[in-house]
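Worksheet: the structure to be examined is printed underneath.
The values are calculated or read from the model by the stated rules, or taken from the named source; none is laboratory data. Note that the coordinates shown come from a computational prediction; the quantities given were computed from them, not determined experimentally. Virtual Cβ from ideal backbone geometry, glycine too; neighbours counted across all protein chains shown. Areas reflect the complete protein model, heavy atoms only, side chains present, ligands, DNA and RNA absent. Shrake-Rupley method; radii C 1.70, N 1.55, O 1.52, S 1.80 Å.
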Amino acid sequence: MSHRLAPLLAPRSIAFIGAGPRPDTPGNDMLRMIAKAGFTGEIYPVNPKYERIQEHQCWSSMAALPKSVDLAILSVANVRLEEAVKEAIAAKARAAVIFASGYLENDTHPPLTKRIARLAREAGLQICGGNCMGFYNDAARVWASAFATEREPLAGGITFISHAGSAFGALAHNDPRFRFNLAISAGQELTTTAADYMDYALDQPETRVIGLFLEEVRDPRGFVAALEKAAMKAVPVVVLKVGRTEASAALAVSHSGAIAGNDAAYRALFDRYGVLQVDTLDELATSLLLFAQPRRAAKGGLVAIGGLRRRAGDDRRSRRQCRGSLRQDWSDHCVASCRAVGARA
């Protein structure tokens with residue numbers, strides 16, 4: 001485990017806090033999903049109510065486990081969340097996934113999310129979430145999910161990192177042509193941010209393209225470093241940035257606590273590092289499919305006959321006004337992506 005996020009994204013031992021035997025519940029679905037992923041590491045269900053769940057021995061608490069685990073997946077209510085995080089830290093878990101929102105009625109100050117973030121930072125605990133849908137590491141066969149899906153563990157070269165659960169679900173649970181090495185629902189990013197996930201993905205040899213559904217960059221220095229690393233490795237980065245208007249920025253705050261920031265600053269940043277900025281989830285999906293192909297698009301032109309070529313030209317001019325310029329080493333591939341999207345209009 002050379003990367004600092006390996007205990008989170010590629011663990012070899014996992015404790016499932018709140019596991020249960022009842023079908024179609026989060027506590028049971030997370031065990032079903034880790035089995036479906038083909039995980040070959042150690043599995044420790046934790047729930048004082050049961051002695052066994054499925055084929056696994058069930059443990060009464062994190063403290064009762066025979067060893068410390070890499071990852072603790074917390075399927076607990078908000079009222080139990082702080083206690084569960086403290087137990088995971090005391091048991092020397094190295095990382096955690098938090099599905100719960102972390103919001104309490106009549107909460108004290110600082111609020112629960114801030115308290116958990118502080119606890120985790122002090123303990124060096126990497127957290128995916130809270131208020132997230134988990135992640136799929138198809139390359140390592142690790143799924144952290146609290147609900148059952150029909151997806152299959154078909155590994156590919158797309159890394160997708162999303163602040164919105166709906167966007168995460170739309171791509172990760174949709175067309176089987178989307179082959180991911182890593183798909184992450186980042187949620188509130190209490191300790192671990194999109195920049196950290198990008199850094200991890202760029203160390204994985206399977207990564208051919210990174211797609212981002214961004215509400216806000218919470219670690220600007222780390223994000224710039226990740227973009228520089230992507231440029232050095234010639235890995236395309238495709239971004240759908242929301243919160244670009246006042247209304248959508250307000251929604252971003254209410255959704256994940258993100259402050260959307262200045263759109264012009266983001267455009268300048270994306271322009272500097274050759275990031276392909278798209279306007280819709282459909283464009284994001286199309287671009288990721290293109291870049292994930294085994295062979296890169298070759299240099300050349302697009303031949304069109306008839307009136308639709310004028311429409312394609314209009315679309316390209318419109319996109320040039322809102323997207324940054326592209327790095328020369330893969331600009332031809334990005335232009336091909338824009339053309340592929342425009343041809344569908």
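Where helices (runs of 4 or more DSSP H) sit wholly within region 225-292, those with at least 3 residues that are modelled with pLDDT under 85, over 19 Å from GLU206 (Cβ atoms) and open to solvent by less than 60 Å² (accessible area, probe 1.4 Å) occupy 246-256.
For region 204-223, filtering for residues that are in contact (Cβ under 8 Å) with a residue 40 or more places away in the chain and farther than 19 Å from VAL275 by Cα leaves 2.
Helices (runs of 4 or more DSSP H) fully within region 1-95 that include at least 3 residues being over 26 Å from THR149 (Cβ atoms) and of a type in the set (A, V, I, L, M): 78-90. Of the residues making up region 1-46, just one is at positive phi and crowded, with 18+ Cβ neighbours inside 10 Å, namely GLY18.
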